[in-house]
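Peer 1: I'd like to ask you about the structure that follows.
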Amino acid sequence: MINYVTLGVRDIAAAKRFYCDLLAEIGAKLLIDGQRIVFIGKSMTDPMLAICVPFNQEPATPGNGNMVAFSPGSTAAVDALYKKALALGARCEGKPGERMPGIFYGAYVRDADGNKLCFNHFLKHF
């Protein structure tokens, strides 16, 4: 259903390094490399993450309440992505753990531009 999600960034080269290194952990790679926008994902037919310098040339700012969630497939993979994001310069917004006991396990970070990311795993499927 979702084709891609876009995050605005100030420094496209730094953001590209951060997201390509981080998302390589779950099999994603750089798919399209434009001057102002890049697309990262597993394939052009799977959901992708786009990062870009805003078209209107105004400063990139994160939206309050906006967040992109990545599901790496296990709680151990959530922990690994959280640690990798911190190592790449992200800041903690919530350490890994159960948020809804027995249902949802997640960890939260903000990238260098303040965009909020979630790494999550559903423990129970309905």
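Peer 1: Among GLU58, GLU93, which comes first, second and so on when ranked by fewest other beta-carbon atoms within 10 Å?
Peer 2: Details: GLU58 9, GLU93 13.
The order, fewest Cβ neighbours first, is GLU58, GLU93.
Peer 1: Moving on to the next point. Under a plain spin-label model, where a point goes 7 Å from the Cα along Cα-to-Cβ, how far apart in nm are ASN56 and ILE103?
Peer 2: About 3.7 nm separates the two model spin labels.
Peer 1: Right, next: Sort ASP46, ASP113 by Cβ crowding within 10 Å, fewest neighbours at the top.
Peer 2: Values: ASP46 13, ASP113 18.
The fewest-first ordering by Cβ neighbours comes to ASP46, ASP113.
Peer 1: What is the local net charge at LYS95, summed over the other residues whose Cβ is closer than 15 Å to its Cβ (Lys, Arg +1; Asp, Glu -1)? It would help to have the intermediate numbers written out before the result.
Peer 2: Values: positive: LYS83, LYS84, ARG91, ARG99, ARG110, LYS116; negative: ASP79, GLU93, GLU98.
Its environment carries a net charge of +3.
Peer 1: Rank ARG36, ARG91, ARG110 by mean-square fluctuation in a GNM of the chain with C-alpha springs under 10 angstrom and give only the top-ranked residue.
Peer 2: Comparing ARG36, ARG91, ARG110 in a Gaussian network model of the chain, the most mobile one is ARG36.
Peer 1: I've got another one for you. Can you find, among PRO62, ALA76, ILE2, the residue farthest towards the positive end of the dipole of the chain? Put +1 on the C-beta of Lys and Arg, -1 on that of Asp and Glu.
Peer 2: Most positive-ward Cα: ALA76.
Peer 1: DSSP beta bridges in the chain, what fraction antiparallel, as a percent rounded to 5? Could the numbers behind the result be given before it?
Peer 2: On the way: 22 of 30 bridges.
If I count the DSSP bridges inside the chain, around 75 percent turn out antiparallel.
Peer 1: So, one more: At 222 nm, what value in deg cm²/dmol follows for the chain if DSSP H runs of at least 4 each add -39500 (n - 2.57) and the sum is divided by all its residues, to the nearest 500? Please list the in-between numbers first.
Peer 2: Numbers: 2 runs with 25 residues, N = 126.
Calculated from helices alone, the mean residue ellipticity at 222 nm is -6000 deg cm²/dmol.
Peer 1: Enumerate lysine pairs in the chain that are 8 or more residues apart or on different chains, then count those whose Cα atoms are under 19 Å apart.
Peer 2: 13
Peer 1: Based on Cα positions only, what radius of gyration and what Dmax would you give for segment 51-126, in angstroms?
Peer 2: When restricted to Cα atoms, segment 51-126 yields Rg and Dmax of 13.8, 44 Å.
Peer 1: Turning to a different aspect of this structure: Taking the Cα centre of the chain as origin, sum charge times position over the Cβ atoms of Lys and Arg (+1) and Asp and Glu (-1), and report the length of that vector in debye to the nearest 20. Walk me through the numbers on the way to the answer.
Peer 2: Values: 14 positive and 11 negative charges, 30 e Å.
Dipole magnitude for the chain comes out near 140 debye.
Peer 1: How much net charge surrounds GLU25 when only the other residues with a Cβ under 13 Å from the Cβ of GLU25 are counted, with Lys and Arg +1 and Asp and Glu -1?
Peer 2: Details: positive: LYS29, LYS42, LYS83, LYS84; negative: ASP21, ASP79.
Result for the local shell: +2.
Any read-out appearing in this document is the output of simple, stated calculations on the displayed coordinates, not a laboratory observation. What you are looking at is a predicted structure, and each value in this text was computed from that prediction instead of being measured. We place every Cβ from the backbone using ideal geometry, glycine too, and count neighbours over all the protein chains shown.
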